[in-house]
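The values are calculated or read from the model by the stated rules, or taken from the named source; none is laboratory data. Everything numeric in this text was worked out from a predicted model, so none of it was measured. Positions of Cβ are backbone-derived with ideal geometry, glycine not excepted, and every protein chain shown enters the neighbour counts. With ligands, DNA and RNA removed, areas are computed over all heavy atoms of the protein, side chains included. Shrake-Rupley method; radii C 1.70, N 1.55, O 1.52, S 1.80 Å.
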Amino acid sequence: MLNVDFHLHTTESDGMLTPEELMRCVATAGLDYFSVTDHDTIAAYQRHSDVFAPHRTRLINGIEVSTVSGEREVHILAYRCAGDGELTTLMGDRPALRRARVEHIVGKLSGCGVAITMEAVQRHARGDVLGRPHVARALVQNGYATDVSDAFARYLGAGAPAYVASTTVKAQDVIAAIRHDGGVAVLAHPLRNDAEAEVERLARCGLQGIEAFSPSHQEHDVDRLRSLAAKLGLVKTAGSDFHGPTETRPRPGVTVERAEIDSFLELCGRSSGGRGHAS
Ligand code: AMP
Ligand code: ZN
Ligand code: FE
Ligand code: FE
């Protein structure tokens, strides 16, 4: 068995832990392989390379890219993409675009009688990439919501009054750019996206894998995703979408049979040595 997690966030996007704190957590959890996949940024890798250096044998570079597919928002995990390829060009200046989007959200909130300033939102962010969780935390702090989930339900989620989509860049274009750059394109949290139809569509666009294993998946979900991956020739990955310790999930990590993720590791240039540990 392996203990892995290919979906982790830091304070460079909307995670609660700095890269350094996250690496301590990763060490405590004893992860065999992992990836930091901040939303729309590789700043963690660029600004904290010294923090990651001791972990490089276990680390696969990653980023979680927000995209749209039809009417839906779809998150594509890109592994092994450096910051200078087609993906970077296609994404444009995401920090600036995200700031403009949060300004739009703050404007909509004001229209709902919710007086939150950009400064209040900014206080909850430690990196350049602003997101709805930062707005949600400001809403909670100012008494407009009981917790982050409540803030999404009342104001920020799809269909709520202050909802603003995060991007117009298409999933198929992001997948093509990742493939062009020699990266590996994986659909994050596939159950959120009406799995079957969406995965089939994206597989035709060059998607290579799905996040089949997650602590939030029931056994029957995993069975369904495993069959789907086999049918479409996709690799399976494992990720918890860790944003920091919570009561129910104090640590990152997903336990999987090595055979389940061998194909993914191979695509990432980490061919199996048949050992439990990478280093
Ligand atoms: P954004 O990238 O700004 O669109 O924000 C998306 C992030 O918000 C996700 O990655 C989650 O971390 C968080 N999120 C989305 N929906 C919810 C929700 N209903 N409750 C709590 N957090 C959420
Ligand atoms: Zn997030
Ligand atoms: Fe996501
Ligand atoms: Fe995520």
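Please go through region 174-209 and give me each residue that is within 16 Å of ligand 1 (Cβ to nearest atom), open to solvent by 10 Å² or more (accessible area, probe 1.4 Å) and not in a loop (DSSP other than H, G, I, E, B), ordered by number.
LEU191, ARG192
A quick yes/no check of all residues on (1) in contact with a strand residue (DSSP E or B) (Cβ under 6 Å, 6 or more places away or on another chain); (2) within 16 Å of ligand 4 (Cβ to nearest atom); (3) closer than 30 Å to ALA203 by Cα:
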{"position": "ARG58", "(1), (2), (3)": "yes, no, yes"}
{"position": "ILE63", "(1), (2), (3)": "yes, yes, yes"}
{"position": "GLU71", "(1), (2), (3)": "no, no, yes"}
{"position": "ASP84", "(1), (2), (3)": "no, no, yes"}
{"position": "LEU90", "(1), (2), (3)": "no, no, yes"}
{"position": "GLU103", "(1), (2), (3)": "no, no, no"}
{"position": "CYS112", "(1), (2), (3)": "no, no, no"}
{"position": "THR117", "(1), (2), (3)": "no, no, no"}
{"position": "HIS124", "(1), (2), (3)": "no, no, no"}
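Filter region 156-170 down to residues that are of a type outside the set (A, V, I, L, M, F, W, C) and over 18 Å from the mean Cα position of the chain (by Cα) and give me whichever is farthest from ILE116 (Cα to Cα).
Per the criteria, the residue is GLY159.
Is at least one residue of region 154-169 within 30 Å of ILE261 (Cα to Cα), open to solvent by less than 50 Å² (accessible area, probe 1.4 Å), touching a residue at least 40 places away in the same chain (Cβ under 8 Å) and within 15 Å of ligand 1 (Cβ to nearest atom)?
yes
Can you confirm whether GLU103 is of a type in the set (D, E, K, R), over 30 Å from ASN61 (Cβ atoms), away from ligand 2 (no atom under 16 Å from the Cβ) and without any contact (Cβ under 8 Å) to a residue 12 or more places away in the chain?
no
Conditions (1) buried (at least 18 other Cβ atoms within 10 Å of the Cβ); (2) near ligand 1 (Cβ under 8 Å from one of its atoms); (3) at pLDDT below 95, marked per residue:
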residue: ARG123; (1), (2), (3): no, no, no
residue: ARG132; (1), (2), (3): yes, yes, no
residue: ARG137; (1), (2), (3): yes, no, no
residue: PHE152; (1), (2), (3): yes, yes, no
